[in-house]
Amino acid sequence: MFVLLMTVAFISVAAGSVSVNIFAPLSDNDSMIIFDIRMPRTLLAAVSGAALAVSGYLLQTFFRNPIAGPYVMGISSGAKMTMVLAMTFVVASGGSMTSVLKIIASFAGALLSTFLILVLSFRVKSMSVLLVAGIMVGYICTAVTEFVVTFADDTSIISLHGWAQGGFSSAAFPGTYTAVVLILIGIAGVFIMSKPIGAYMQGEKYAESLGVNVRGLQLLMIIFSSFLSAVVTAYAGPVSFVGIAVPFLVKKLIKQSKPIILIPALILAGAAFTLFCDIVARLMFSPIELSLSTVTAFFGAPVVLFIMAGRKRGQRDE
Amino acid sequence: MLRFFNNRRKINNLIITWTLLTCISLCGCTGGGSFSVSESENTAENVSQDTAAADPTEESSETVALQVTAVRENAAATEFSITDYEGGYSSVEVSDGRKYLIVPEGAEVPEDTMGMTVIKRPVSNIYLANSAAMCEFAELGAVDAVRFSGIEKDDWTIYEAVNAMESGELIFCGNYGAPDYETLTVEGCQLAVENTMVTHKPEVVEKLEGLGIPVLIDRASYENDPMGRMEWIKVYGLILGKEEEAQTAFDEQKAIVDALEDYGNTGLTVVACYVSANGQIVCTKGGSSFARMTEMAGGNYILTADEDDDSVKSTVKYGMEEFMTVAGEADFLIYDSTIDHVDSLDDIIDRNAMFANFKAFEDGNVWIMESSLYQNSNEVGTIVSDIHSMLTGGGETVHLKKLGDD
């Protein structure tokens with residue numbers, strides 16, 4: 001999986017709308033293309049994919065349901081809601097959106113959704129009910145978004161639609177460095193929790209018998225999952241399917257459920273998958289760039305369906 | 001490790017520590033945002049200064065200081081101002097706070113540019129994401145200065161742009177939200193002209209400036225006065241070294257508008273609208289640029305300007321019931337066929353049968369906009385003349401067509 005990631009990363013840096021021979025001495029323009037355009041984009045796509053994969057894994061473990069993911073649970077919807085609020089009111093008053101404001105708006109929305117889910121988690125004991133509640137939170141955020149869009153001008157609507165498709169086209173240092181640091185902090189936190197997560201996966205009673213504070217662990221899983229997806233949403237907009245498809249795929253491929261092995265695999269696979277989708281999005285119809293969510297759904301959804309069909313067939317045979 | 005998670009206090013400490021770490025990192029995020037903007041402005045200057053420094057034909061620089069000689073007075077525009085300096089330098093200050101120093105051909109870039117983004121003449125290889133400005137480039141005979149388009153060939157209605165795309169002199173280079181940075185870099189884009197849509201995508205502006213490409217955000221759409229919108233041709237004239245041509249074009253259109261002043265008000269009312277995909281009636285607002293043009297033509301726009309409305313939107317949405325109330329008695333109805341294409345009265349009635357009850361329909365005074373007004377902002381006078389012809393029933397029209405005369 002590491003080799004796959006390195007291969008895809010190499011292609012991401014080497015290939016683009018302009019032909020650059022990376023094995024030859026680079027001119028000033030070529031250097032700018034490689035180091036200022038392709039590399040920040042490659043790095044951001046890779047760490048974002050890793051973050052989304054780990055985030056999806058945490059949610060799927062928490063809810064014990066393979067369809068749980070940051071997109072499904074309303075975290076992306078919350079980010080979109082606060083983003084449209086910011087866009088509509090700031091720009092309608094003649095002001096300008098700044099990158100910092102966009103990041104803060106996305107973050108705030110994602111964490112707001114997380115807070116609502118957390119509040120619900122203290123009251124709702126059933127995981128399946130909590131999953132539905134999370135989906136409802138997403139619907140509420142979407143309804144608020146649509147309500148605000150009704151009064152927004154056409155340019156804001158178009159821009160919001162573009163943002164909501166997700167993408168890494170304007171990735172640049174040092175913003176990318178900040179995203180990398182934040183995501184690494186989040187992933188490090190998840191890594192620290194890998195043993196208790198492993199115990200939790202065996203059952204809550206089993207985990208409690210080993211001395212795990214199950215409620216505390218659940219709280220941290222939600223927080224870290226939301227944090228990781230909030231960072232990605234802030235820098236790249238909502239990116240769908242990576243959080244659902246990659247954990248599913250990795251578990252099937254490596255046939256391991258130990259978090260200490262699974263988490264690194266998810267990081268590598270999430271990074272590779274997102275990088276691959278980003279390459280397709282920017283090169284397939286260059287200079288027109290496809291929306292990232294379109295590509296991730298195009299590749300991710302059939303994979304999930306295929307695996308589910310295989311799983312159902314296996315269960316029926318049993 | 002498992003005992004750690006048995007201890008609630010330690011969990012709380014972990015959360016607090018992690019939150020603090022995150023906040024510290026976010027401070028880097030905040031610094032990074034502003035850092036990249038200021039850094040990119042300096043980069044744009046440095047690109048220009050390095051270019052000047054690298055030119056062996058230029059003399060080694062003496063300090064060039066900017067001394068103001070005049071501040072030009074605009075006839076109608078409020079979103080920009082032009083200041084002239086000694087030595088033929090000029091600056092454009094836009095209402096969003098961005099300032100551009102236009103350096104004449106062959107002149108030195110001043111050591112102290114006072115924080116302005118430097119644009120050195122002659123300018124070529126322009127990336128034009130603001131398609132509304134192409135008409136002005138065409139008017140100035142400077143379409144060849146534009147190398148990169150933000151829209152595709154089929155989306156252009158200006159034939160100079162269509163021809164240039166067909167010949168390959170003008171290439172599509174990604175839209176405003178996702179330009180092809182690589183092509184812009186390798187082909188040496190010297191200026192990106194964006195419209196206010198890019199204010200929703202500040203990261204694009206930062207990225208372009210980080211690559212050394214100055215960004216001019218055209219705020220003509222924020223001008224209340226239609227002649228103010230057209231007056232932006234002077235900005236492009238200054239940048240392209242075609243100031244005389246820009247002044248001539250502006251004066252010609254102004255003369256058309258001035259000639260209509262003597263006719264006075266006809267007392268007739270006009271409404272402009274189209275039907276959106278979800279069935280709402282999207283109507284041009286009172287006080288908008290088109291409403292002002294109607295008044296300049298001797299008509300009255302049916303909707304009045306709302307004094308309390310600070311929004312920069314130029315349209316308002318209605319359900320048909322309310323729209324009939326506010327606009328059903330308008331003498332003339334102009335349907336925006338460039339957004340929602342219609343060829344006949346039946347097409348409009350198909351959108352909503354209630355249109356048949358409008359006074360304009362009953363009187364046979366339904367017109368359509370045949371050409372995109374936003375791509376013809378250099379023809380304010382012609383458009384006002386068209387509206388006047390519509391109101392008075394005389395004269396050929398260029399951008400408007402009457403339905404039902406076939």
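The values are calculated or read from the model by the stated rules, or taken from the named source; none is laboratory data. Predicted model only: the values in this text are computed from it and were never measured. Here the Cβ positions follow ideal geometry from the backbone for every residue, glycine too, while neighbour counts run over all protein chains shown.
Take B:Pro122 and tell me if it is more than 13 Å from chain A (Cβ to nearest Cβ), outside any strand (DSSP E or B) and in contact with a Gly (Cβ under 8 Å, 6 or more places away or on another chain).
yes
State the number of residues belonging to the range A:168-179 that are crowded, with 23+ Cβ neighbours inside 10 Å and more than 7 Å from chain B (Cβ to nearest Cβ).
Residues that pass the stated criteria total 3.
So for the range B:81-89 (the condition being in the same structural domain as B:Lys242 (by TED's automatic domain parsing) and within 17 Å of the chain's Cα centre (by Cα)), does at least one residue qualify?
yes
When you go through A:Gly138, A:Gly162 one by one, which is the residue that is buried (at least 19 other Cβ atoms within 10 Å of the Cβ) and farther than 14 Å from A:Val84 by Cβ?
Every option except A:Gly138 fails the conditions.
Among the residues of the range B:160-198, count how many are among the β-branched types (Val, Ile, Thr), free of Cβ contacts under 8 Å to residues at least 40 places away in the same chain and under 22 Å from A:Phe168 (Cβ atoms).
Going through the range B:160-198 one residue at a time, the tally reaches 3.
Taking the criterion of being among the aliphatic types (A, V, I, L, M) and under 30 Å from the mean Cα position of the chain (by Cα), would at least one residue in the range B:314-324 satisfy it?
There is at least one residue in the range B:314-324 that is among the aliphatic types (A, V, I, L, M) and under 30 Å from the mean Cα position of the chain (by Cα).
Exactly one of (1) over 30 Å from B:Asp251 (Cα atoms); (2) within 17 Å of the chain's Cα centre (by Cα) is unmet by B:Asp180. Its number?
Condition (2) is where B:Asp180 drops out.
Exactly one of (1) more than 30 Å from B:Tyr181 (Cα to Cα); (2) polar (S, T, N, Q); (3) more than 9 Å from chain B (Cβ to nearest Cβ) is unmet by A:Gln165. Its number?
Unmet for A:Gln165, out of (1) more than 30 Å from B:Tyr181 (Cα to Cα); (2) polar (S, T, N, Q); (3) more than 9 Å from chain B (Cβ to nearest Cβ): (1).
Output the residue which, of all residues in the range A:252-292 that are of a type in the set (Phe, Trp, Tyr) and in a helix (DSSP H, G or I), is surrounded by the fewest Cβ atoms within 10 Å (Cβ to Cβ).
It comes out as A:Phe276.
Pick from the range B:251-281 the residues that are surrounded by fewer than 19 Cβ atoms within 10 Å (Cβ to Cβ) and of a type in the set (A, V, I, L, M, F, W, C): which of them is modelled with the lowest pLDDT?
Filtering the range B:251-281 for residues that are surrounded by fewer than 19 Cβ atoms within 10 Å (Cβ to Cβ) and of a type in the set (A, V, I, L, M, F, W, C), the one modelled with the lowest pLDDT comes out as B:Ala277.
Please determine whether any residue of the range A:269-277 is within 22 Å of A:Trp163 (Cβ to Cβ) and in contact with a Cys (Cβ under 7 Å, 6 or more places away or on another chain).
Checked the range A:269-277: no residue is within 22 Å of A:Trp163 (Cβ to Cβ) and in contact with a Cys (Cβ under 7 Å, 6 or more places away or on another chain).
If you check A:Ile288, A:Ile279, which single one turns out to be within 14 Å of chain B (Cβ to nearest Cβ), closer than 30 Å to A:Gly16 by Cα and at pLDDT 90 or above?
Just a single option satisfies the conditions, and that option is A:Ile279.
Whether any residue in the range A:198-212 is more than 8 Å from every other protein chain (Cβ to nearest Cβ), over 14 Å from the mean Cα position of the chain (by Cα) and not in a helix (DSSP H, G or I) is what I want to check.
Yes, because at least one residue in the range A:198-212 is more than 8 Å from every other protein chain (Cβ to nearest Cβ), over 14 Å from the mean Cα position of the chain (by Cα) and not in a helix (DSSP H, G or I).
Which members of the range A:1-58 meet the condition of being more than 22 Å from A:Ile183 (Cβ to Cβ) and of a type in the set (Phe, Trp, Tyr)?
Once the filter is applied, which keeps residues that are more than 22 Å from A:Ile183 (Cβ to Cβ) and of a type in the set (Phe, Trp, Tyr), the range A:1-58 yields only A:Phe23.
From B:Glu166, B:Glu136, grab the single residue that is part of a helix (DSSP H, G or I), under 19 Å from the mean Cα position of the chain (by Cα), of a type in the set (Asp, Glu) and in the same structural domain as B:Ser81 (by TED's automatic domain parsing).
After ruling out the rest, the residue left standing is B:Glu136.
Would you confirm whether or not the range B:267-284 contains a residue that is touching a helix residue (DSSP H, G or I) at 6+ places or on another chain (Cβ under 8 Å) and either among the charged types (D, E, K, R) or not assigned by TED's automatic domain parsing to the domain that holds B:Glu370 (or both)?
No, the range B:267-284 contains no residue that is touching a helix residue (DSSP H, G or I) at 6+ places or on another chain (Cβ under 8 Å) and either among the charged types (D, E, K, R) or not assigned by TED's automatic domain parsing to the domain that holds B:Glu370 (or both).
Would you pick out the residues in the range A:9-44 that are exposed (fewer than 15 other Cβ atoms within 10 Å of the Cβ), of a type in the set (Ser, Thr, Tyr) and not in a helix (DSSP H, G or I)?
Residues satisfying the conditions are A:Ser19, A:Ser27.
Residue-wise test of (1) farther than 22 Å from B:Glu203 by Cα; (2) away from every other protein chain (no Cβ under 11 Å); (3) not aliphatic (A, V, I, L, M).
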| position | (1), (2), (3) |
| --- | --- |
| A:Gly16 | no, no, yes |
| A:Phe23 | yes, yes, yes |
| A:Ser27 | yes, no, yes |
| A:Tyr71 | yes, yes, yes |
| A:Ser76 | no, yes, yes |
| A:Ala79 | no, yes, no |
| A:Thr82 | no, yes, yes |
| A:Thr98 | no, no, yes |
| A:Leu131 | yes, yes, no |
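Applying the selection to the range B:193-223, what residues are of a type in the set (Gly, Ala, Ser) and away from chain A (no Cβ under 13 Å)?
The answer is B:Ala220, and nothing else.
Hey, any hits in the range B:383-392 for a residue that's in contact with a Lys or Arg (Cβ under 9 Å, 6 or more places away or on another chain), more than 21 Å from B:Ala277 (Cα to Cα), among the small types (Gly, Ala, Ser) and at pLDDT 90 or above?
no
Among the residues of the range B:263-272, is any under 23 Å from the mean Cα position of the chain (by Cα) and either more than 20 Å from B:Ala129 (Cβ to Cβ) or assigned to a helix (DSSP H, G or I) (or both)?
yes
Condition check: within 14 Å of chain A (Cβ to nearest Cβ), in a loop (DSSP other than H, G, I, E, B) and more than 24 Å from B:Ser385 (Cβ to Cβ). Does B:Ala178 satisfy that?
So B:Ala178 passes the test.
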